[in-house]
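Reviewing the structure listed below.
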Amino acid sequence: QRGGRLGPRPGVPSEPSSRSPAGMLPVVAGLLLAVAAGGRGAAGDPESPPGSRFVCTSLPLDAAGAGCPLPPVPMQGGALSPEEELKATVLQLRETVLQQKETIGSQREAIRELTGKLSRCESADGKSDTGTWNKELGRGKDTMGDLPRDPAQVIDQLSRTMQTLKDRLESLEHQLRANMSYAALPNDLREMLQRRLGDLERQLLSKVTELEDEKSLLHNETSAHRHRTETALNALLERVSELEKGNSAFKSPDEFKVSLPLRTNYLYGKVKKTLPELYAFTVCLWLRSSASPGIGTPFSYAVPGQANEIVLIEWGNNPIELLINDKVAQLPLFISDGKWHHVCITWTTRDGMWEAFQDGEKLGTGENLAPWHPIKPGGVLILGQEQDTVGGRFDATQAFVGEMSQFNIWDRVLKAEDIMNIANCSTNMPGNIIPWVDNNVDVFGGATKWPVETCEERLLDL
C-alpha cells in the first residue's frame, strides 16, 4: 500500500506509559513508523518495481493512539504502608525508565532507516521521473504533513522530546527523595547509606592527606631549588664584584704583588682558600728581599694541633729552612740580595723526598722529611708571618720583609722542565690548588697590593 495509513510496525514498541510527554511523541513516532513502513518498496529494495517512489503522509493525532496501546498502570488497592507505596512507585519508575530506554533505542533505529529513505526521496527530484513526482505535488497532495522536510530537524525534534521526558523523570525522582524522610527508610537501606557515607568520608580523608603530602613535598623542593638558585646568584654576584674590583686595580687578576715593608707582627697577607689533604705538593713564588739577618717567613700553613704543618723561613743567621709537620730540612737557597728570585719547592710523602729550585735551576734535593705524613686539610695559609697558633701569635723577628708575587701551589710534584719554563717566563701555569689571583688574597696591618713588574722585567733583575 503506497501513501496510505499504516499501523504500528512489528518489532517497534508501542508507547510505554501515559506519563510520557503529551501529544508530540506519539505523533512523531507514528509518522516515523508510517513513513518507514511505506518505504518498504523503495527503489533500493529488491522487491520494488522499476520506477517506484516514496510517498510520505502525515497521520492525525487520533490515528497514533489507536496503534500504540498503553501499558496497564497497577492499581493501588487496599491500605498500603508508606514503605510499600514507596517501593511500588520506585519499581514502577524503574520499569518506565527501562521501557523508555528500549523505545528510544528502537526509535533511533527507525530514525536512521527513515533518514536514509528520506534522503532517497529528496534525491528523486534530480532523476528522470521528476515529472511524475511533480504531478503528484501538482494535485495538491501534501506528502510531508505538518512535519519539516529536513531529516535533521525531525531528529532534533525527537531529541528534544526525549530530553523533556528525561527531565520530567528526574524531577519526579527528586520530589520523591525530598518527600521521603530519613526515619522512614528501612533499616537495611539506612545501614547501606551509612556504610556508603563512611566509605566516601574515608576516601575524602585519604585524598586530603595525599594532597597535603604532595603540597609539603612541593614546598620542600621549591625551597631547596630557591636556596640553590640564591646561592648560585650570590656566588656569581660576588665573582662579578671581585672581577670589577680586580680590573679596576690591575690589568690582569694575577699581575700584582704584596708589599711587606716593615718587620712587625701585624703586617701580613692571608690566602682565602685552604688546602685539601695532600700527599705531594709544589710551591712556587717570586721573592725580593734585602732584610738581614734573614728574610723572615715568606709563607706558613698551620692546622689545628700543628702550627708548623708547612713553613718556609729564614730566621737569624740560619739558612732557609723547610718545615713539614715540624720536621726541618735546610735548603741551599740564597735570595737576600734585594733582587727578584723565582723559588720552587717540591715534596712528596713517599720517603719524604724534597727538591729546591732557584731561578729554574735545581740546587738541592733530599729525603726523610716527614715521610708518609699527609698534609692535613682545613688550615690557614699566611703570607709574611710564622704562626704559633692557627692564624695568629706572630713573632716580629720572624716576619718577612720585602715583596712577593705569583704564589702558586699544585697538588703534585712538577717536572723540572715545567719549573724552568715558569721561571724563564715561557709558561704561565697557575696552581691548581692555590692560584695567584687578586680576589684570593687579603692584606692586613698596612700590607699593600701593587701592580707587579712584568715577568721579563723580573728576569732582567736577576
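We did not get these values from a lab; they are worked out from the coordinates using the rules stated. As the structure is a computational prediction, the values presented were derived from the model and not from experiment. In this analysis, Cβ positions are derived from the backbone assuming ideal geometry, glycine residues included, and neighbour counts consider all displayed protein chains.
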Would you please give the FRET efficiency between ASP167 and ASP213, computed as 1/(1 + (r/R0)^6) with r the Cβ-Cβ distance and R0 = 35 Å, to the nearest 0.05?
0.25
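Hey, can you rank 84-93, 221-230 by average C-beta count inside 10 Å, highest first?
84-93, 221-230
Show me the chymotrypsin sites (Phe, Trp or Tyr not before Pro) within the stretch 367-462 that DSSP assigns to loop and that have at most 10 other Cβ atoms within 10 Å of their Cβ. List each step's numbers first, then the result.
Numbers: sites: TRP372, PHE394, PHE400, PHE407, TRP410, TRP436, PHE444; in loops: TRP372, PHE400, TRP436.
Here the chymotrypsin sites (Phe, Trp or Tyr not before Pro) that fit, given the DSSP loop and packing criteria, are TRP372.
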The answer for GluC sites (Glu not before Pro) in the stretch 351-412 that fall in a DSSP coil and have at most 13 neighbouring Cβ atoms within 10 Å is GLU367
Each label point is 7 Å from the Cα along the Cα-to-Cβ direction; what then is the distance between the points at SER106 and LYS327, in nm?
10.9
Pull out the extension gain between ASP395 and ASN439, defined as 0.36 nm times the separation in residues minus the alpha carbon to alpha carbon distance; nm, one decimal.
13.2 nm
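How do 298-308, 195-205 rank on mean C-beta neighbours within 10 Å, highest first?
Result, highest mean first: 298-308, 195-205.
Pick out, in residue order, every one of the trypsin sites (Lys or Arg not before Pro) in the stretch 363-462 that is DSSP loop and has at most 11 other C-beta atoms within 10 Å; say none if there are none.
LYS415
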